[in-house]
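Heads up, the thing below is written out as C-alpha cells.
The values are calculated or read from the model by the stated rules, or taken from the named source; none is laboratory data. All values reported here derive from a predicted model rather than from experimental measurement. When we count neighbours, we look across all protein chains shown, and the Cβ atoms used for this are built from the backbone with ideal geometry, even at glycine. We work out accessible area using only protein heavy atoms, side chains counted, and drop any ligands, DNA or RNA first. Shrake-Rupley method; radii C 1.70, N 1.55, O 1.52, S 1.80 Å.
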Amino acid sequence: MTDTTSPITQIRTAAATPIAPGRTPWKHEAIGFVLGFAVLALLPLVFGDTYARHILIMAFIYAIVASNWDLSLGYGGVFNFGHLALFGIGVYAYSLLTKLAGLDPWIALFASGIIATLAAIVVTIPILRLKGIYIILVTFGFAQLVMQVILSQSDITGGTQGIVRIPGLYWFDHNMVRDAKFAYFYIALALLVASTLFLRVFVRSRAGASIVALRDNEEYAVSRGVSIVHQRMLTLAASAFFTGIAGAFYAAYQRNASIDVFGMSLATIILSMVLLGGTSTIYGAIVASFVLTVFAEWMADFGAWRPMITAVLIIGVMLAYPSGLAGMIKAAWGAVAGRINRPA
C-alpha cells in the first residue's frame, strides 16, 4: 500500500496537479511564441517585393491594436468602443510631437503610448460604475469627442486635410526609405513581439486572473476583495499603451495623419479581427489580423463584393467554430495529436 501521507508522495502529487486546468504550460507557450515569431522574421526572405512587405507591416499594426482590444473586450469584458480613439490619439500625438514640437521620433513614439494610456485612464473615470450599453455609449462618445476636437483645431491638426510630411523613424545612418521596407518591417515585428509578450504575461498574472474573475462573476469577485475601480482602470490602461504606440508607428510609417483613423470603417475591421480570431486568446486576434489583411488584398479585384465576401467568411467561421480561428486551430491540433498518439 502506498503511503499518501509521506512528504515525498505529497510533493509528487502537488507536482502532478495542474495549477490552472486547461491552460497551456508556460514552457510550451514560450516555445510556440519563439517559433511563431521566428517564422515571421523570415518572411522578408520569402516575399521579395515591397508591396508584400507593406501588407505584412499593416497586418502587424492591426494585430497590435486588435490583440490589445481583446485584453479589454475579451478578458476584461469591458465594451470599450473608444479603443480605436486611443489608436487615433497615438497617430496625432506622434504627428504633433515630431512635426510641431520637434521631438525626436523615437521619444515621440513611446510618448504617444503614454499619452494614449493617460487618455484611457480619463475615459475610465465616467464608466467605473457603469455596465453594458452605457459603457458602449460613453466610450463611443469619447471617440467622437476626440475626433471633434481634432476637427475644431484645424490650425494645429490640419482638420479634414490631416497632417502630411510627418518625420519618420530612423536607424542610425541606414536609409529606411530605399531599403524595400526592411527596417520598418522588423521594427513593426519587434513592436508586435513586445506587445504580445506584455499581454500574455499580464493575462497570466494575478491581475489578469482578477479581471477575468470580474468578467465572469462580478459579485463573487467583489466579495473576494477584487476592486472594480482599480481593475477596470488597470485593464483599459494596459490595453492603451501599445495601441498608442501602434498609432504612432502608423503615422511614422505612412508619413501622414488623417481623421479617417477615427472612422467606423477601421473600427469595424479591427473588431472583426478580434471576433474572428476568438476573444480571450490574444493569439487569435493576431492570426485573424493576418488572415483578414491578406484575404482583403486577394479580393481587391472584386470591388464592392470584397466586404460581402469577407463578411460571409467571418460568419462561416463563427458558425462552425464559435470560439473563432483560435478554436479552429485548437481543434485541428487536437485531431492531429490524436492521430499521432493513436496506437497502431
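Looking at the structure I just gave you, is V65 modelled with pLDDT of 85 or more, under 30 Å from T293 (Cβ atoms), open to solvent by 40 Å² or more (accessible area, probe 1.4 Å) and out of contact with any strand residue (DSSP E or B) (no Cβ under 6 Å at 6 or more places or on another chain)? Here the answer is no, as V65 does not meet what is asked.
Within the range 268-278, being more than 11 Å from the chain's Cα centre (by Cα), surrounded by fewer than 24 Cβ atoms within 10 Å (Cβ to Cβ) and either farther than 20 Å from M308 by Cα or aliphatic (A, V, I, L, M) (or both) holds for I269, L275. Suppose we filter the range 240-283 for residues that are closer than 23 Å to P322 by Cβ and hydroxyl-bearing (S, T, Y); how many remain? Going through the range 240-283 one residue at a time, the tally reaches 6.
Just name the residue that is farthest from A52 (Cα to Cα) out of those in the range 290-308 that are more than 23 Å from the chain's Cα centre (by Cα) and surrounded by 14 or more Cβ atoms within 10 Å (Cβ to Cβ). The residue in question is R306.
Taking the range 75-171 and the helices (runs of 4 or more DSSP H) fully enclosed by it, the elements with 3 or more residues that are closer than 18 Å to Q254 by Cα are at 83-99, 105-124. Could you grab me the full set of residues in the range 90-127 that are among the small types (G, A, S) and surrounded by 14 or more Cβ atoms within 10 Å (Cβ to Cβ)? Correct list: G90, A93, S95, A108, A111, S112, G113, A116, A119, A120. Just checking, does the range 333-343 include any residue being open to solvent by less than 40 Å² (accessible area, probe 1.4 Å) and over 28 Å from V212 (Cα atoms)? Yes, the range 333-343 has at least one match.
Would you call I55 open to solvent by 10 Å² or more (accessible area, probe 1.4 Å), touching a residue at least 40 places away in the same chain (Cβ under 8 Å) and farther than 20 Å from F242 by Cβ?
Criteria met by I55.
In this structure, does G316 turn out to be at pLDDT below 90, of a type outside the set (A, V, I, L, M, F, W, C) and more than 16 Å from W69 (Cβ to Cβ)? Criteria met by G316.
Condition check ((1) assigned to a helix (DSSP H, G or I); (2) open to solvent by 30 Å² or more (accessible area, probe 1.4 Å); (3) not aromatic (F, W, Y)) across all residues:
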| residue | (1), (2), (3) |
| --- | --- |
| R215 | yes, yes, yes |
| A221 | yes, no, yes |
| G225 | no, yes, yes |
| H230 | yes, yes, yes |
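In the range 31-52, the residue that is least open to solvent (accessible area, probe 1.4 Å) out of those that are assigned to a helix (DSSP H, G or I) and not aliphatic (A, V, I, L, M) is P44.
Would you confirm, using the coordinates I've provided, whether T157 is among the β-branched types (V, I, T), surrounded by 13 or more Cβ atoms within 10 Å (Cβ to Cβ), farther than 30 Å from V39 by Cβ and within 20 Å of the chain's Cα centre (by Cα)? No; evaluated as a whole, the condition is false for this residue. Going by the conditions given, is A183 more than 30 Å from I125 (Cα to Cα), open to solvent by 40 Å² or more (accessible area, probe 1.4 Å) and either of a type in the set (G, A, S) or touching a residue at least 12 places away in the same chain (Cβ under 8 Å) (or both)? Spelling it out, it is not the case that A183 is more than 30 Å from I125 (Cα to Cα), open to solvent by 40 Å² or more (accessible area, probe 1.4 Å) and either of a type in the set (G, A, S) or touching a residue at least 12 places away in the same chain (Cβ under 8 Å) (or both).
Hey, does the range 129-137 have a residue that's open to solvent by 20 Å² or more (accessible area, probe 1.4 Å) and touching a helix residue (DSSP H, G or I) at 6+ places or on another chain (Cβ under 6 Å)? It would help to see each step written out before you state the result.
Restricting attention to the range 129-137, the residues satisfying the condition of being open to solvent by 20 Å² or more (accessible area, probe 1.4 Å) are 129-134, 136-137.
Right, trim to touching a helix residue (DSSP H, G or I) at 6+ places or on another chain (Cβ under 6 Å) and you get none.
Scanning the range 129-137, I find no residue that is open to solvent by 20 Å² or more (accessible area, probe 1.4 Å) and touching a helix residue (DSSP H, G or I) at 6+ places or on another chain (Cβ under 6 Å), so the answer is no.
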